[in-house]
Ligand code: XUL
Ligand code: CO
């Protein structure tokens, strides 16, 4: 008999918006069809192994507040207990996907060979559980090339070639684990890939090396049958003062410079977007417009704080605009919504795991409902289309088709005279109230 970790919590039901049951979904109805697909297919929720199975509330000022030992003092046994507990949580919350760093699954042992062998045992066990329940799938895997002291100066951007080689070996193994578990994605989040001061840094070499590591990773993964997407997850700062993968636009420049743009898409994290002084929607739009929208790390920051708080997302406005971008991008293909989120240190009980996921999932379910309505309502899209109508005929169409030269435009402007009459109001306030109107009509 499999041990039950959360005996007091059953499968979380959908009870609708009038429910006051804290352990029920108010907006997430997995099999309901919204925008042509079930909510489950549209949202593709994933559990993050690091926060949910490992994060115990430890911060710079104190030790953990919640017990994530899963009943096992021994780290090797705990790795297996974590798998059982994760599958129970996913099952009870109707979450189909999970994401991991290699070291979230199994810790480091004395040597890389031993570490790899122990990781194999845990991934074998996960593969067994997935076979027994094929609804559970791996959204993406990654390697934790930032916590061990060997990576203090970076991994792919380390000044030491030996450290680079060690990181490459770790990534090779993490890719193998991802492929073994049928993952459709592999993430590079630039852990300590950045710098503290340029006085000791050869930035050009570090970026060339990062690209070399990514190229090797793509070549190897494709050679063992990986057909999914690689993702870069942009973040502007933390842990280093300056992270190389600052934001989507910066990463796009990097990918194109090194010819990696065919294999890589973006994994956009809400709190990373705001740390870069962008909105979440801005980062998603840049990715969508450049054909590199891939996956999402769902969370939120705190507008009064300047660091990555990784809170469970509860801001409906941001979730609605996020899902608007996702729907406009044609929905997720290999990606999904991974809750790179942790319950607050003071939310320390076992129920808080469920309550925080319910809050996040309901927020995105409501976001999806609003985004779908925003699109079917059509007022916003119509306004934008009309605002740019001058590009479909006359001089606008000639510019777009490439027919008009600079000299043609000079002639046109001289003949036309003053053009302020062609301006129309941007109507920002009206559009914001249209959005409010749609949000609160649900
Ligand atoms: C760190 C972060 C990571 C990545 C995976 O800010 O977001 O957890 O998502 O390495
Ligand atoms: Co993340």
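If packing is taken as the mean number of other Cβ atoms within 10 Å per residue, what is the order of 239-246, 19-26, highest first?
Numbers: 239-246: 18.5, 19-26: 14.5.
Sorting 239-246, 19-26 by mean packing, highest first, produces 239-246, 19-26.
Is the C-alpha gyration tensor of the range 15-76 telling us rounded, prolate or oblate? Criteria: a/c under 1.5 is rounded; beyond that, a/b larger than b/c is prolate, otherwise oblate.
Working: a/c = 2.93, a/b = 2.14, b/c = 1.37.
Taking the square roots of the gyration eigenvalues as a ≥ b ≥ c, the range 15-76 is prolate.
At 222 nm, what value in deg cm²/dmol follows for the chain if DSSP H runs of at least 4 each add -39500 (n - 2.57) and the sum is divided by all its residues, to the nearest 500?
Details: 15 runs with 197 residues, N = 442.
Mean residue ellipticity, 222 nm, calculated: -14000 deg cm²/dmol.
From the Cα gyration tensor of the range 238-295, with a ≥ b ≥ c the square roots of its eigenvalues, which class applies: rounded if a/c is under 1.5, or else prolate if a/b is larger than b/c, or else oblate? Display every interim value, and only then the final one.
Values: a/c = 2.14, a/b = 1.23, b/c = 1.73.
Note, shape of the range 238-295 comes out oblate.
Just how far, in whole angstrom, is the range 179-197 from the range 43-122 if you go by their alpha carbon centroids?
Here the two parts' Cα centres lie 17 Å apart.
For the Cα atoms of the chain, what angle does the longest principal axis make with the long axis of helix 350-377, in degrees from 0 to 90, nearest 10?
With rounding to tens, the tilt is 20 degrees.
Over the chain, what is the mean sequence separation of C-alpha contacts under 8 Å (at least six apart), divided by residue count, expressed as relative contact order in percent?
Relative contact order here is 15 percent.
Please compute P(r) over all alpha-carbon pairs of the range 330-414, binned at 10 Å starting from zero, and give each bin as a whole-number percent.
Whole-percent P(r) values from 0 Å outward: 13, 22, 19, 17, 14, 9, 5, 0.
Quick check on packing: order 253-259, 229-235 by the mean number of other C-beta atoms within 10 Å, highest mean leading. Each step should come with its number before you reach the end.
Working: 253-259: 14.7, 229-235: 25.4.
By packing density, highest mean first, the sequence is 229-235, 253-259.
May I ask you to derive the FRET efficiency for residue 427 and residue 203 from their Cβ-Cβ distance with R0 = 35 Å, giving the value to the nearest 0.05? Don't skip to the end; give the middle numbers.
Numbers: r = 44 Å, r/R0 = 1.25.
My answer for the efficiency is 0.20.
Give or take rounding to whole Å, what are the principal axis extents of the alpha carbon atoms in the chain, in descending order?
82, 58, 43
Provide the convex hull volume over Cα atoms per residue for the range 92-207, in Å³. Walk me through the numbers before you get to the answer.
Working: hull volume 13.2 nm³, N = 116.
Hull volume over Cα atoms, normalised by residue count, gives 114 Å³.
Given the options 393, 250, 197, which has the most mean-square fluctuation in a GNM of the chain, springs set between C-alpha atoms less than 10 angstrom apart?
Answer for the Gaussian network model of the chain: 393.
Of the listed peptides 277-284, 116-123, 290-297, what is their order by residue-averaged count of other C-beta atoms within 10 Å, with the highest listed first?
Working: 277-284: 20.1, 116-123: 17.9, 290-297: 22.8.
Those peptides, ordered most packed to least, come out 290-297, 277-284, 116-123.
Helix 203-223 against the longest principal axis of the chain: what's the angle in degrees, Cα atoms only, rounded to the nearest 10?
With rounding to tens, the tilt is 70 degrees.
Give the distance, in whole Å, between the Cα centre of the range 304-328 and the Cα centre of the range 374-411.
A separation of 31 Å, based on Cα centres.
Going by alpha carbons, how many degrees (0 to 90, nearest 10) lie between the helix axis of 112-132 and the longest principal axis of the chain?
The two axes meet at around 80 degrees.
Say R0 is 25 Å: what FRET efficiency, to the nearest 0.05, do residue 406 and residue 386 get from their beta-carbon distance? Working shown, then result.
Values: r = 28 Å, r/R0 = 1.11.
With R0 = 25 Å, the Cβ-Cβ based efficiency is 0.35.
Apply the a/c threshold of 1.5 to the C-alpha gyration tensor of the range 265-386 and tell me whether it is rounded, prolate or oblate.
On the way: a/c = 1.92, a/b = 1.60, b/c = 1.20.
The shape class here is prolate.
Taken together, the values in this text are just the output of simple stated rules run on the coordinates, not laboratory data. Keep in mind that this is a model prediction, so the values were computed, not measured. Neighbour counts are summed over all protein chains in view; Cβ atoms, including those assigned to glycine, are modelled from backbone coordinates with ideal geometry.
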